[in-house]
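Student: First, the structure itself, so that you have it in front of you.
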There are 4 protein chains.
Amino acid sequence: MNIRGIVQDSDTVAGRLFDRCVMILIAASLVSMSLSTVPTLPPLWRTILTVAEAVIVVLFTVEYVLRIWTAEDRWRYVRSPYGLVDLLALLPFYLTLMWAGMIDLRAIRALRLLRVFRVFKVAQYNTAMARLGNAVKYARDEALVFLFATLVLLYIAAMGIHHFEYEAQPEKFESAFSSLWWAVVTLTTVGYGDAYPITVGGRIFTFLVLICGMGIVAVPAGLIASGLSRALEDERATRGITRETAGS
Amino acid sequence: MNIRGIVQDSDTVAGRLFDRCVMILIAASLVSMSLSTVPTLPPLWRTILTVAEAVIVVLFTVEYVLRIWTAEDRWRYVRSPYGLVDLLALLPFYLTLMWAGMIDLRAIRALRLLRVFRVFKVAQYNTAMARLGNAVKYARDEALVFLFATLVLLYIAAMGIHHFEYEAQPEKFESAFSSLWWAVVTLTTVGYGDAYPITVGGRIFTFLVLICGMGIVAVPAGLIASGLSRALEDERATRGITRETAGS
Amino acid sequence: MNIRGIVQDSDTVAGRLFDRCVMILIAASLVSMSLSTVPTLPPLWRTILTVAEAVIVVLFTVEYVLRIWTAEDRWRYVRSPYGLVDLLALLPFYLTLMWAGMIDLRAIRALRLLRVFRVFKVAQYNTAMARLGNAVKYARDEALVFLFATLVLLYIAAMGIHHFEYEAQPEKFESAFSSLWWAVVTLTTVGYGDAYPITVGGRIFTFLVLICGMGIVAVPAGLIASGLSRALEDERATRGITRETAGS
Amino acid sequence: MNIRGIVQDSDTVAGRLFDRCVMILIAASLVSMSLSTVPTLPPLWRTILTVAEAVIVVLFTVEYVLRIWTAEDRWRYVRSPYGLVDLLALLPFYLTLMWAGMIDLRAIRALRLLRVFRVFKVAQYNTAMARLGNAVKYARDEALVFLFATLVLLYIAAMGIHHFEYEAQPEKFESAFSSLWWAVVTLTTVGYGDAYPITVGGRIFTFLVLICGMGIVAVPAGLIASGLSRALEDERATRGITRETAGS
């Protein structure tokens, strides 16, 4: 059927146009969401944004219905991550219509943000995207170990700095939890400067933690470099096999 | 003809001298531009700078005319990126002469800065430059995906922190746009400390965003490492083929 | 014997359950330790925490006794790093019972934190963990050279900035030791902003130190990338040999 | 001769002991230098430090004389980088003795710091050191291109931010030179927070500069990863050739 081709395929001209329209709609949705956060917006603009939002959600609803209707296995689409995201992006608007004033609109509206991930679906036919995806896949297990080591180091850093700095700055390193904020800001090398050690012990401890931290922070770069090299080698190997098969 | 050899070639002694003179002229132009920003400059110095600037622009004009005159395909040079840069670097000075006081001189004069890229043209005969260039070329597609993922993460970070911090610090996280500044400063780990979350929700959100951000920040290093390895392999393969051809 | 299988093995269902219980106990111990740092904790919670701590330590003691009892070579386990950590995690509690009020409980209780490293023992059967471990092992010597170069650069940075900034900001760059704190915060790019150069000489010196520092900070990422590649190659070589042996 | 063996060789027991003594002397010299920066040092300590310094310099002089005396080509040693460093480390002390009070002792005494590089000479027999050295050598040309690109980006960042922020914050972005300090602190992601853009234009410009900057900052890590891989391959190739030669 014709509509199925437009909605489901990305190879035909009409299909690509449909995908592009959805992308533009998502971008418009993101822009309208960020504009609506401006507190000094004149009332006229606010009205325009409300209308635009309604139009966008109606179009998203049409898209959602079309996707269900044209899907080969409808139930499978509804349960798939993209199907759930498409539904979650619509729900807040309709829930607000029904129970206006009863739920915090803002927080729930953020669900629409999830739709941005659809961009990655369109992009996944891209070679670079696939290569990066493979690199990440190869590095996944190591990334988990890295994440765990980071969490352990954060815990040790928070407990340690609390021990050293609590007496000198009780309001900034009040408990292990407020010290954890310092640990996150320091180990990621962001360093806002809202909390920093002032005792000699705390500073030496920070130095030791940072030496460990710099080793740990370097892991993701190494993982991605190594993962990309593997992904490239695999691509070549596949191409080599294809050529050999074609040659013989 | 002799002048053509001096202007266009970089292999002869005279050609190399010409290139070096142009480089020195560009450096002088950069130095004079940065000196002219000092507000406490004595009037004598200011006069010297004005004269120096006029001399530099006249010499740039001579160079531009010589390049057009000696070019094999004159129109092609004028339209080429380097030709356009050479022209754009001259225009502000002559425009100012004609419509002095009518345009903001400062902003437009910055175009002369573009000439610094000519340095890369001279340098491109360099092996290291070529290798880095190849590494960047190989990593270009992945870099675009990375850039896109960064923008999405910045958007999510800005919307999220606005949600968490707006009530506690309305002057710093006024809208999604002022929150975006926080997101840029935090995810690049610059962390000036002009804005940072103070609520528990905002801090946990910052932690999650930074964990993602550190993975993303690591991508360029991985891309360049992997791109350089590929560029080196290609160099070796080419050399290997050359040797084989020479040997057989 | 049955209990030996439960305590020592990680392959059986019971063994895995035992390992998981120990992990949960360690996690509970970490949570209770961090909760006990909150100064505004209501008295009831504090009582619950004290009881929970006693229960955890008793369970750790039971585990320690079981591990000694079921070990093939008991003395070897007691002297092994894990055995020492298991003992050190128990001691503070019993010491406090005996000499309560005579020692600073807080500092000594931190020894329990060491138990978190047992997690790495369970995790070490993991391929990713082993690969990361190999990558670190390959890079160990280079990491020591890197550490030494970092220390030298920190020393030079501290002495230099003290020389440039002492007269302008004697309270912040009082001696080489307080300048060292600046050097650590700057070279790791944390940059709290509690101390920074304000003289022209100090700023130019900082620029030069940072150029060197960025080269040095990049070393760990390079080491891990290169170490991971080696670890992967070795894995393949081993698998290749296994296959060849199996094939022939 | 016996003394020659002690001073020049690092393979004999006596030679290694001599090297170790020199290392300890250098370390003592570094410690005494950093201690002498403490302004609150009691007079007794200050006297001890002065004596210790005299002893250290005398021992360095003895070492220098021994090195000249035992060198195969004396003039070559005196002109070599290590010979010059050894001399420069001694000169300040003797110059101070002769023209005390006439020169700033502090600045010139810093020359002794150069001796720390002798540590690298002893360490260079180390495989890891050699490998890192090779990695750096391979990456040298690319590092120069990287350094040049960094300088260009710093210049553009400084000129740009001066243009955007001068009117809003004339005291912080007074000229291109004070803006350069901002550019250094921002592009290295140190971010002290002593100067940051507050205008919308300046913030957008900062965002663009940081996107470029993160690509540039990633280059050293990539260079070292790729350089280390090459150094390792070369090592293997050399070993392979050695084995083949030995085998055939």
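The values are calculated or read from the model by the stated rules, or taken from the named source; none is laboratory data. Note that the structure is a prediction, hence the values are computed from the model and not measured. Note that we place each Cβ from the backbone using ideal geometry, even for glycine, and neighbour counts take in every protein chain shown. We work out accessible area using only protein heavy atoms, side chains counted, and drop any ligands, DNA or RNA first. Shrake-Rupley method; radii C 1.70, N 1.55, O 1.52, S 1.80 Å.
Student: Check D:Val116, D:Val219 and return the single one that is farther than 30 Å from D:Asp9 by Cβ and of a type outside the set (Asp, Glu).
Tutor: Step by step, each of D:Val116, D:Val219 is checked, and only D:Val219 is farther than 30 Å from D:Asp9 by Cβ and of a type outside the set (Asp, Glu).
Student: Which ones in the range C:163-220 are surrounded by 21 or more Cβ atoms within 10 Å (Cβ to Cβ), in a loop (DSSP other than H, G, I, E, B) and either within 7 Å of another protein chain (Cβ to nearest Cβ) or touching a residue at least 40 places away in the same chain (Cβ under 8 Å) (or both)?
Tutor: Of everything in the range C:163-220, those that are surrounded by 21 or more Cβ atoms within 10 Å (Cβ to Cβ), in a loop (DSSP other than H, G, I, E, B) and either within 7 Å of another protein chain (Cβ to nearest Cβ) or touching a residue at least 40 places away in the same chain (Cβ under 8 Å) (or both) turn out to be C:Thr188, C:Thr189, C:Val190, C:Gly191, C:Tyr192, C:Gly193, C:Tyr196.
Student: What single numbered condition from (1) open to solvent by 80 Å² or more (accessible area, probe 1.4 Å); (2) closer than 21 Å to D:Ile156 by Cβ; (3) part of a loop (DSSP other than H, G, I, E, B) fails to hold for B:Asp11?
Tutor: (2)
Student: Same structure again: Can you name the condition, by its number, that D:Leu113 falls short on among (1) of a type outside the set (D, E, K, R); (2) crowded, with 21+ Cβ neighbours inside 10 Å; (3) more than 12 Å from chain B (Cβ to nearest Cβ)?
Tutor: Unmet condition: (2).
Student: While we're looking at this one, here's another question. Just to verify a result, which residue in the range C:137-147, among those that are facing chain D (nearest Cβ under 7 Å) and open to solvent by less than 40 Å² (accessible area, probe 1.4 Å), is nearest to C:Leu208 (Cα to Cα)?
Tutor: Across the range C:137-147, the extreme among qualifying residues is C:Val145.
Student: I've got another one for you. I'm checking my understanding of the structure. Among residues of the range B:221-239 that are of a type in the set (A, V, I, L, M, F, W, C) and in contact (Cβ under 8 Å) with a residue 24 or more places away in the chain, which one is surrounded by the fewest Cβ atoms within 10 Å (Cβ to Cβ)?
Tutor: Selected residue: B:Leu232.
Student: Determine whether the range A:148-160 contains at least one residue that is away from chain B (no Cβ under 13 Å), more than 30 Å from the chain's Cα centre (by Cα) and closer than 22 Å to B:Gly191 by Cβ.
Tutor: yes
Student: Now for a different question. From the set of residues in the range D:23-59 that are β-branched (Val, Ile, Thr) and within 14 Å of chain C (Cβ to nearest Cβ), which is most open to solvent (accessible area, probe 1.4 Å)?
Tutor: D:Thr40
Student: What number goes with the only condition from (1) more than 21 Å from A:Ala183 (Cβ to Cβ); (2) out of contact with any Phe, Trp or Tyr (no Cβ under 8 Å at 6 or more places or on another chain) that C:Leu187 does not pass?
Tutor: (1)
Student: Among the residues of the range C:116-145, what is the count of those that are modelled with pLDDT under 75 and outside any helix (DSSP H, G or I)?
Tutor: Result for the range C:116-145: 3.
Student: Next question, about the same structure. Checking the condition in the same structural domain as C:Val116 (by TED's automatic domain parsing) and in contact with a His (Cβ under 9 Å, 6 or more places away or on another chain), which residue from C:Thr37, C:Thr12, C:Thr61 passes?
Tutor: C:Thr37
Student: Kindly indicate whether any position in the range A:70-88 is of a type in the set (Val, Ile, Thr), within 20 Å of A:Phe18 (Cβ to Cβ) and touching a residue at least 40 places away in the same chain (Cβ under 8 Å).
Tutor: The answer is yes; a qualifying residue exists.
Student: Can I ask one more? Taking the range A:60-100 as the region of interest, how many residues are open to solvent by 80 Å² or more (accessible area, probe 1.4 Å), under 24 Å from A:Ile6 (Cβ atoms) and part of a helix (DSSP H, G or I)?
Tutor: Summing the residues that are open to solvent by 80 Å² or more (accessible area, probe 1.4 Å), under 24 Å from A:Ile6 (Cβ atoms) and part of a helix (DSSP H, G or I) in the range A:60-100 gives 8.
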